[in-house]
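Undergrad: Mind having a look at this structure? Questions to follow.
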């Protein structure tokens, strides 16, 4: 039998970069989130400095550490909510009940060897009525989609800024590898009779450490 | 783009040579967001004396490579010359879209040769 053709140089380089295949073209409709640009620029700047003779690399850059987020890691992913497109418009809030939302994150590209070091839910809300104010007092609750207990509760005092909730240790066990998909049910309940809010954007910032791509710092001196 | 090898062989003393990897050249420019490419460089050159004596940073050191070079100058057929290899490397980070439309930032160690040395 003919031996399989040796992979071309591009395929070998791709595999060396830990990517199974070349992704298809970039989605035209998806801008690069500012947080990812910021992390890249900060990292790029540090690596350029590490390359210069003046700064010893170990001092300038800790391998496998995301300085800006202060956690271990060598892969950062910004995962959009898959549920947004399928989300039905919320019913008008009746009898004081505010709507719940289901968000879905596809994590099938995360490899089993990767260890999560930060799982941050990023949410944006808007007041349901333009005339309603953006200040007030709400309580965000996060649960697994379907039945299940509330895994996380967090106070929200304003709607104008992004709401961030750390899920590691709450909706995601610390040493567990990534599920193929993470489905959550969110609710934002007003503490005092105010108007319900509307979920306008949901995403997940996932930081993982792939130990196979890390090696210890310089060997200890004998 | 690579700096041409000297004299088609490994002439000249061991040093860092320029090698630029362009993502456009391998057709990845549509899914790699940044950078457009990176200066990977490579090492080439002879490690005979006195090149084997000089270390990146200019501080002469006695090590295995120097012993081999000394042996080679005394008995050329014995152990051969030391090799010209990366002595100092830097990491790079790549920002790209994966197949799930996630924006991914990956960090790769030891991707850029900053300095070469004889080993």
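Undergrad: Select from segment B:71-87 the residues that are surrounded by 14 or more Cβ atoms within 10 Å (Cβ to Cβ) and modelled with pLDDT under 90 and write down the one among them that is nearest to the other protein chains (Cβ to nearest Cβ).
TA: Here is the first cut: in segment B:71-87, the residues surrounded by 14 or more Cβ atoms within 10 Å (Cβ to Cβ) are B:71-72, B:81-87.
Still in the running and modelled with pLDDT under 90: B:71-72, B:81-82.
Numbers: B:71: 24, B:72: 27, B:81: 25, B:82: 20 Å.
Residue satisfying both the conditions and the ranking: B:82.
Undergrad: So, of the residues in segment A:1-20 that are at pLDDT below 75 and not in a loop (DSSP other than H, G, I, E, B), which turns out to be surrounded by the most Cβ atoms within 10 Å (Cβ to Cβ)?
TA: Among those residues, the one meeting the criterion is A:13.
Undergrad: Still on this model: When you scan segment A:84-108, how many residues do you find that are within 14 Å of chain B (Cβ to nearest Cβ) and either surrounded by 18 or more Cβ atoms within 10 Å (Cβ to Cβ) or modelled with pLDDT of 90 or more (or both)? Even if it seems obvious, please write down each step before you answer.
TA: Initial filter on segment A:84-108 (within 14 Å of chain B (Cβ to nearest Cβ)): A:84-85, A:104-108.
Next cut, either surrounded by 18 or more Cβ atoms within 10 Å (Cβ to Cβ) or modelled with pLDDT of 90 or more (or both) only: A:104-108.
Total meeting the criteria: 5.
The values are calculated or read from the model by the stated rules, or taken from the named source; none is laboratory data. None of these values were measured; they are calculated from a predicted model. So basically every Cβ, Gly included, is an ideal-geometry build from the backbone, and we count neighbours across all protein chains shown.
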